[in-house]
Amino acid sequence: MKCQLRVNGEDHTIDVEPRTTLLDALRDNLKLTGTHVGCEHGICGACTVLADGEPVRSCLMLAAQADAGPEITTIEGLSTAPGELSIIQDAFCEAHGLQCGYCTPGMIITASALLERNATPNRDDIVDAISANLCRCTGYGQIVEAIELAAEKLRQRNASPSEASQ
Amino acid sequence: MKPVPFEYERPHSLKAACQLLADDEDAVIIAGGQTLIPMLAMRLARPSRLVDISRIDGLSGIEEQTDNITVGCMTRHAEVERSPVIASHVPLLSAAMPWVGHAPIRVRGTIGGSIANADPSAEVPLVLVTLDGTITLSNATGSRTIPARSFFSGPMMTEIQPGECLTAADFPVWQHSRTGIGFREIAKRHGDFAMVAASAQVSVDATGKCIACAIGIGGVTDTPLALPELASSLVGTAFTDQSVHDAAKAATDNLSAMSDPQTSPEYRKRAATKLIADALMAARNDALETSEGVTT
């Protein structure tokens with residue numbers, strides 16, 4: 001079946017089987033392989049993307065359900081330009097918020113949705129948000145620190161946009 | 001971890017959706033898909049056809065009626081969680097929402113899906129049964145409304161007949177001015193299925209005496225279970241820690257609790273006793289702190 005997807009601000013028409021998940025459509029049809037395949041049944045959060053700005057599991061959504069539906073944002077859509085890092089991505093590097101990196105796209109998407117809604121999350125808010133995402137390397141401590149750092153940097157940027165962009 | 005092939009339909013009217021279901025006994029409804037898609041991925045579900053009801057007008061939304069709140073079947077958990085109408089009129093449902101999976105699940109998951117799926121440990125059915133709400137089912141020719149307490153017939157089994165679609169749930173609104181709620185749950189990790197959950201709503205009069213009480217448990221028996229005898233036995237009483245605990249123990253003693261490798265029936269009953277008592281005391285204390293009611 002034909003599906004019209006709007007992903008990272010671009011429209012795509014793809015031809016997929018009805019059983020194709022949004023996750024597989026993003027990776028196989030649109031070659032957006034930043035969204036990772038983990039458990040494929042909604043447990044691990046590695047495939048988290050934004051649908052109209054809200055975090056969703058792309059393995060728990062059929063491409064058909066996204067047809068002419070919500071606007072999808074993947075990890076590729078968060079950075080300002082190819083090769084550049086968003087503030088959240090940069091904070092994950094700086095705080096060593098990853099080891100193998102497999103869960104990282106999902107973590108960053110989840111963090112992005114959290115920070116969009118709550119500019120000053122406390123530790124409990126962050127832990128609650130990323131409780132939907134499994135990491136088997138870091139023990140989560142540095143991921144929480146990375147999101148705290150990202151929140152701080154975003155607040156600084158929003159307070160003085162010109163300074164932060166230097 | 002890939003589903004078997006199936007057909008996909010996205011009708012634009014409820015009648016067309018019900019007709020598709022009536023014409024094909026292996027067709028299933030997909031609403032949010034947060035339980036169905038994992039079942040498809042694990043090939044535990046092998047439907048011939050999915051009938052996507054997400055683009056049918058009128059199935060989503062929260063509506064205030066005189067003495068209840070109607071929640072349309074396609075209303076997402078996240079919308080209910082953030083709804084000021086639900087928070088003020090059905091606070092027990094608001095309190096239960098953070099326990100439904102994780103935030104990304106609640107963005108897609110629907111109220112109707114949670115109810116129709118009939119997982120014995122699910123929170124939304126528990127709240128609906130506790131409050132003695134009703135469920136509306138429609139087919140191609142009409143609709144009927146049945147009490148939630150007679151809707152669930154077993155684990156993942158309901159009174160939904162072939163060709164029917166669950167279209168709405170009605171949550172009663174209590175008019176007593178001093179009403180409080182308590183919701184308690186034990187799961188292995190936050191977001192996991194409840195091993196045991198208890199939900200309670202209690203109203204008190206000006207002197208603090210209990211004048212109305214509702215209590216229910218989830219995850220213990222094979223359907224969410226209201227305990228109306230326990231609730232009515234507490235109306236008019238002093239509601240002490242000891243009396244509530246004793247009443248909770250009596251109510252759970254003879255239950256036929258489920259068993260699984262992690263959770264024995266004995267543990268379920270012991271936990272249920274504790275959570276029932278905690279939820280009731282929390283609801284009663286919440287009511288005592290309320291000078292204005294849930295309906296203001």
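The values are calculated or read from the model by the stated rules, or taken from the named source; none is laboratory data. Keep in mind it's a predicted model, so treat the numbers as computed, not measured. Every residue, glycine as well, gets a Cβ built from its backbone with ideal geometry; the counts of neighbours run over all protein chains shown.
Just one of the numbered conditions (1) touching a residue at least 24 places away in the same chain (Cβ under 8 Å); (2) exposed (fewer than 15 other Cβ atoms within 10 Å of the Cβ) is not true of B:Asn254: (1).
Identify, please: which residue in region B:1-24 is in contact with a Pro (Cβ under 8 Å, 6 or more places away or on another chain) and of a type in the set (Gly, Ala, Ser) and is, among those, nearest to the other protein chains (Cβ to nearest Cβ)? Filtering first and then ranking leaves B:Ala17.
Among the residues examined, B:Val244 qualifies as over 13 Å from the mean Cα position of the chain (by Cα) and surrounded by 22 or more Cβ atoms within 10 Å (Cβ to Cβ).
For region A:118-142, taking the residues that are in contact with a helix residue (DSSP H, G or I) (Cβ under 6 Å, 6 or more places away or on another chain) and of a type in the set (Val, Ile, Thr), the one that is farthest from A:Val49 (Cα to Cα) is identified as A:Ile126. The residue of region A:102-151 that is nearest to the other protein chains (Cβ to nearest Cβ), among those that are touching a residue at least 60 places away in the same chain (Cβ under 8 Å) and either surrounded by fewer than 20 Cβ atoms within 10 Å (Cβ to Cβ) or acidic (Asp, Glu) (or both), is A:Leu134. For A:Phe92, the criteria (1) in contact with a Leu (Cβ under 7 Å, 6 or more places away or on another chain); (2) touching a residue at least 24 places away in the same chain (Cβ under 8 Å); (3) under 23 Å from B:Thr35 (Cα atoms); (4) not assigned by TED's automatic domain parsing to the domain that holds A:Ile14 hold in every case but one, which is (3). Of everything in region A:53-67 that is surrounded by fewer than 24 Cβ atoms within 10 Å (Cβ to Cβ) and at the interface with chain B (Cβ under 9 Å from one of its Cβ atoms), the residue that is farthest from A:Ser86 (Cα to Cα) is A:Asp67. Scanning region A:9-47 for residues that are crowded, with 20+ Cβ neighbours inside 10 Å, among the charged types (D, E, K, R) and away from every other protein chain (no Cβ under 14 Å) yields no hits at all. Would you please name the residue that is surrounded by the most Cβ atoms within 10 Å (Cβ to Cβ), looking only at residues in region B:143-164 that are under 17 Å from B:Ala226 (Cβ atoms) and β-branched (Val, Ile, Thr)? Per the criteria, the residue is B:Thr158. Criterion applied to A:Ile130, A:Ile109 was being hydrophobic (A, V, I, L, M, F, W, C) and within 10 Å of the chain's Cα centre (by Cα), and the one residue passing it is A:Ile109.
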